[in-house]
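The values are calculated or read from the model by the stated rules, or taken from the named source; none is laboratory data. These numbers were taken from a predicted model, which means no experiment stands behind them. Positions of Cβ are generated from backbone atoms using ideal geometry, with glycine treated the same way; all protein chains shown enter the neighbour counts.
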Amino acid sequence: MTNCIAIIGALKDEIDGIRREIDLKAKMTLNSFLYYQGRYQDREIILALSGMGEKNAREATKVLLDHFNPVSLISIGISGAVDSRLKVGDLVIGRRVLVQNSPQIAAVSLDRLVELASVACRRLQLTPYLGDLITVSRVIGSSEEKKAIFLDTRALAVEMETAFIGLEAAQKGCPFLALRSISDIADYTFKVEVNQITDNGELNPAKFIKYTLRHPMALWELGKMKKNIRKATTRLTLLVQELLPMI
């Protein structure tokens, strides 16, 4: 393809909003990863679902870049705040994306795309936070651990894929942008063992039923988490819709 813009997210919830907004032409599976091809206004769009973690992020991005050769790559998704200023639904533009415990490794968003994303936020009357993201190897569910990460790095938020997506883009010379929306705040500690009810970040119905039978109060907590994720992904979808025609 020529002149397409690629968007990649790890989870179905992260990409579903923009998937519903684009005019879909094709859906395909390449090397076990799911890709959607379509148009948004006058732009050709490739939307990719990578799954969680470094291995999935790297492999899905390599396939995306090799097969579709996009002119720009936008990494999107939800994120956990480590900076106490950030609230649920706040938008983060990652100027740099560092790898936890390897600060010398960093993906860098293209300045022009950062500026365009900032303008798109202002058009939506939303205030973006610009700064560092930290890519971590597991879900950070403890407020104490979030606080420690902030004190060590002064980053805005944590997530699990973006640095590796950005590094693959850099190897191919593809302009890159990191966009995240906050789904849990810095002083919040997860009260549900997320890993016990999910597979690669997606809810496993059998595990969910088993867990909630043993922990009935988890239903209320999961409902709250789902509401926060919905708010975060709705804001992110609005930003991407505003941004795409500008690129």
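Quick notes on this structure:
- Residue within the stretch 81-91 that is surrounded by fewer than 21 Cβ atoms within 10 Å (Cβ to Cβ), out of contact with any strand residue (DSSP E or B) (no Cβ under 9 Å at 6 or more places or on another chain) and under 22 Å from residue 138 (Cα atoms) present: yes
- Residue within the stretch 209-222 that is assigned to a helix (DSSP H, G or I), modelled with pLDDT of 95 or more and either over 18 Å from the mean Cα position of the chain (by Cα) or not hydroxyl-bearing (Ser, Thr, Tyr) (or both) present: no
- Qualifying residue in the stretch 173-189 (condition: over 17 Å from the mean Cα position of the chain (by Cα), at pLDDT below 75 and surrounded by fewer than 21 Cβ atoms within 10 Å (Cβ to Cβ)): no
- Residue that is in a helix (DSSP H, G or I) and modelled with pLDDT of 95 or more, where the choices are 48, 60, 26, 6: 60
- Evaluation of residue 12 against (1) within 23 Å of residue 120 (Cβ to Cβ); (2) surrounded by fewer than 16 Cβ atoms within 10 Å (Cβ to Cβ); (3) under 16 Å from the mean Cα position of the chain (by Cα) (one fails), failing number: (1)
- Failed item, numbered, when residue 121 is tested on (1) surrounded by fewer than 17 Cβ atoms within 10 Å (Cβ to Cβ); (2) touching a strand residue (DSSP E or B) at 6+ places or on another chain (Cβ under 9 Å); (3) of a type outside the set (S, T, N, Q): (1)
- Out of 19, 39, sole residue that is crowded, with 17+ Cβ neighbours inside 10 Å and without any contact (Cβ under 8 Å) to a residue 40 or more places away in the chain: 19
- Extreme residue, nearest to residue 89 (Cα to Cα), among residues of the stretch 140-152 that are surrounded by fewer than 17 Cβ atoms within 10 Å (Cβ to Cβ) and either free of Cβ contacts under 8 Å to residues at least 60 places away in the same chain or among the aliphatic types (A, V, I, L, M) (or both): 142
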